[in-house]
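One structure below.
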Amino acid sequence: HTGTGSITEGNILLAMASKAVVVGFNSKPEPGASRLAEQERISIRQYNVIYKLIEDVEKALKGMLEPEYAEVVAGQAEIKAIFEAGKKGKIAGAWMKEGKATRDSQVKIYRGGKVIAESRLTGLRRFKDDVKEVATGMEFGVKLEDFSDFQVGDILQFVRQELID
């Protein structure tokens, strides 16, 4: 609700119904409104400088919003070979074309320029060693969660979610 004049009991009743805060600019609450607000624990915020009001409302709104994330491509690799791993499925032997892959990466699998699957990295190895990351130019083995239909030439794109300010 918006309006001009002093803050009334009606404003406090509206705030109670919607669990809101009452904001006043160069206005004062009426005595009955102040008592009701105090009794019902409704916050009345008063401002004389418009920039302070805008700043506080922006801060309050940012606190109410869900955080936003952007997908950032960390690296790309090409599958060069496929190895059977018994009951564990298949492991893809890949070459890191650019960027890097880390153990906590999400992975998009591209075939013919189209995404055919999205998965999570569950295994990252260099030769016989488990590693935390691989960088550009390295060969490595990769195992994915719930995906093993690899083909030579598939592109693995390693992505991470980054918080947007």
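What follows draws every value from the coordinates through simple rules; no lab data is involved. Keep in mind that what you see is a predicted model, and the values were worked out from it rather than measured. As a convention, Cβ positions derive from the backbone with ideal geometry for all residues, glycine included, and neighbour counts pool all protein chains shown.
Which far-off residues, 5 or more places away or on another chain, put their amide H under 5 Å from the one on L144, with H placed in the peptide plane?
Excluding prolines and chain starts, which carry no amide H, the hits are T122.
Summarise the long-distance tail of P(r) for region 71-142 by giving the % of C-alpha pairs beyond 18 Å.
Percentage above 18 Å: 34.
I'd like the FRET efficiency for Q46 and F83, computed as 1/(1 + (r/R0)^6) with the beta carbon distance as r and R0 of 45 Å, rounded to 0.05.
0.05
List the aspartates and glutamates whose Cα lies under 16 Å from the Cα of K62, skipping any in the same chain that are fewer than 8 positions away.
Once the sequence-local aspartates and glutamates are set aside, what remains near K62 is D165.
Which order do peptides 89-101, 10-22 fall in by mean Cβ count within 10 Å, highest first?
Highest to lowest by the protection proxy: 89-101, 10-22.
Please give every one of the aspartates and glutamates within straight-line cross-link reach of K88, meaning a C-alpha to C-alpha distance under 18 Å, and leave out same-chain neighbours fewer than 8 residues apart.
D129, D130, E145, D146, D149
In a solvent-free Debye calculation with one equal scatterer on each Cα, what is log10 I(q)/I(0) for the chain at q = 0.11, 0.15, 0.16, 0.19 Å⁻¹, listed in the order of the q values?
-0.58, -0.78, -0.86, -1.12
Among all the lysines, which ones have a C-alpha under 18 Å from K100's C-alpha, if same-chain residues fewer than 8 places away are not counted?
Partners found: K80, K108, K132, K143.
Counting pairwise Cα distances across region 1-84, what percent come out greater than 21 angstrom?
49
Report the residue, chosen from Y69, Y51, Y110, that carries the largest GNM mean-square fluctuation when the chain is represented by alpha-carbon nodes joined by springs under 10 Å.
Result: Y51 has the largest fluctuation of those listed.
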